[in-house]
Structure formats: structure tokens, C-alpha cells
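Got a structure for you, questions after.
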Amino acid sequence: MPRGARATRPPPAPCWRPTTAGTGRPGGGDGALLTRCRLAALAAEQDDQAAIADLQTVLEEARRHHDLETQTLALDSLARAAAAGGDLPGAARLLEEADGLHAQVRHTLDDADRVDAGTARASLAAARPGGLEGAGEPVDQDADRLG
């Protein structure tokens with residue numbers, strides 16, 4: 001290289017961007033699907049419709065691979081997105097499904113890891129008559145119909 005010349009390098013890719021070289025799909029390995037789920041969940045917090053669609057895809061993949069932890073977290077994130085979008089019955093159904101799966105993986109997935117579930121529950125509780133009272137209780141999706 002001539003004296004005084006500077007080498008130019010492409011800027012580094014952000015650390016959160018999954019590697020998709022050649023395949024258009026993130027690399028495999030332990031935790032890859034879970035990582036993809038968490039990244040999509042973060043993007044979905046900004047009402048990113050592509051990220052919400054990716055969460056659906058992650059959920060389908062997790063179901064095919066019987067990955068209950070990822071299924072639980074994807075359902076939690078989808079429930080949060082549904083609640084934020086005003087689909088409270090849909091959010092309640094997604095949380096109910098996630099809670100059923102979580103019961104099977106509670107030994108590997110702590111309640112504290114289910115941040116999106118907590119956010120969705122708070123949205124559902126705030127929409128109930130009486131506000132946030134009983135926010136920690138399971139959502140009864142038939143309560144509105146029963147009076």
C-alpha cells in the first residue's frame with residue numbers, strides 16, 4: 001500500500017443482525033431460533049409488521065422442532081403485539097396457549113423471562129372493568145360475555 005494511503009473497510013454489521021450469508025436464513029445451532037425470536041420481539045415492540053410476521057414464522061418453526069421455550073416466548077410476544085393493537089381476545093388466547101406450554105418448561109424458562117407476557121397481561125388488566133385490580137390473575141376471556 002502506498003505511503004499515506006489508508007485501507008478502507010466496510011463498516012461492521014450491527015451485533016444484533018443475524019448472519020444470513022448465502023442462505024437468507026440465520027445460522028443454526030443451540031439457541032438460534034430462540035435468538036431470532038427475541039430479536040423479532042424487540043423489533044415488534046415498535047409495531048414493525050415484518051417483525052410480527054417473523055414471530056409467526058418463528059412460532060411455526062418452533063412447533064416443528066418441538067421447541068417449547070421458543071414457542072412460549074413467541075406466543076408471549078404475539079400476545080403483547082395483539083394487545084397493543086387492540087385485539088384483546090386474541091391476546092388472551094395467545095397467553096392461554098403460552099401459559100399451557102410454560103407449565104411444561106417452567107424448569108428451564110423462568111417467569112421473569114416472560115416480559116412480553118407481563119406487558120400483555122397489564123394491557124388486558126387495564127382494559128377490564130376495575131382497571132389493574134387482579135392484574136396478576138389469569139385472564140378469563142369469557143368474563144365480558146358472562147357479565
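Looking only at the stretch 56-97, which residues are within 16 Å of Ala32 (Cα to Cα) and small (Gly, Ala, Ser)?
Matches in the stretch 56-97: Ala62, Ala74.
Residues checked against (1) in a helix (DSSP H, G or I); (2) in contact (Cβ under 8 Å) with a residue 24 or more places away in the chain; (3) touching a strand residue (DSSP E or B) at 6+ places or on another chain (Cβ under 6 Å); (4) closer than 22 Å to Leu42 by Cβ:
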| site | (1), (2), (3), (4) |
| --- | --- |
| Ala79 | yes, yes, no, yes |
| Gly86 | no, no, no, yes |
| Ala98 | yes, yes, no, yes |
| His102 | yes, yes, no, yes |
| His107 | no, no, no, no |
| Ala117 | yes, yes, no, yes |
| Ala122 | yes, no, no, yes |
| Ala126 | yes, no, no, no |
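Has the stretch 97-107 got any residue that is in contact with a Pro (Cβ under 9 Å, 6 or more places away or on another chain), at pLDDT 95 or above and buried (at least 22 other Cβ atoms within 10 Å of the Cβ)?
No, the stretch 97-107 has no match at all.
How many residues are modelled with pLDDT under 70 and not hydrophobic (A, V, I, L, M, F, W, C) if we restrict to the stretch 1-58?
22
Being surrounded by fewer than 16 Cβ atoms within 10 Å (Cβ to Cβ) and part of a helix (DSSP H, G or I) is the filter here, so list the residues in the stretch 62-77 that pass it. Give the steps one after another, and end with the answer.
Restricting attention to the stretch 62-77, the residues satisfying the condition of being surrounded by fewer than 16 Cβ atoms within 10 Å (Cβ to Cβ) are 63-66.
Scanning the stretch 62-77 gives Arg63, Arg64.
Please give the number of the condition Ser77 fails out of (1) hydroxyl-bearing (Ser, Thr, Tyr); (2) at pLDDT below 95; (3) within 17 Å of Ala120 (Cβ to Cβ).
Every condition holds for Ser77 apart from (2).
Residue check: is Asp47 outside any loop (DSSP other than H, G, I, E, B) and farther than 18 Å from Asp30 by Cα?
No.
Evaluate the following for Glu61: is it modelled with pLDDT of 95 or more and over 24 Å from Ser123 (Cα atoms)?
It is true that Glu61 is modelled with pLDDT of 95 or more and over 24 Å from Ser123 (Cα atoms).
Another one. Look at Ala92 and say whether it is among the hydrophobic types (A, V, I, L, M, F, W, C) and modelled with pLDDT of 95 or more. So that I can check it myself, show each step before the final result.
Working: among the hydrophobic types (A, V, I, L, M, F, W, C): yes; modelled with pLDDT of 95 or more: yes.
For Ala92, the condition - among the hydrophobic types (A, V, I, L, M, F, W, C) and modelled with pLDDT of 95 or more - is met.
The values are calculated or read from the model by the stated rules, or taken from the named source; none is laboratory data. In this text the structure is predicted, and so the values were computed from the model without any measurement. Backbone-built Cβ (ideal geometry, glycine too); neighbour counts: all protein chains shown.
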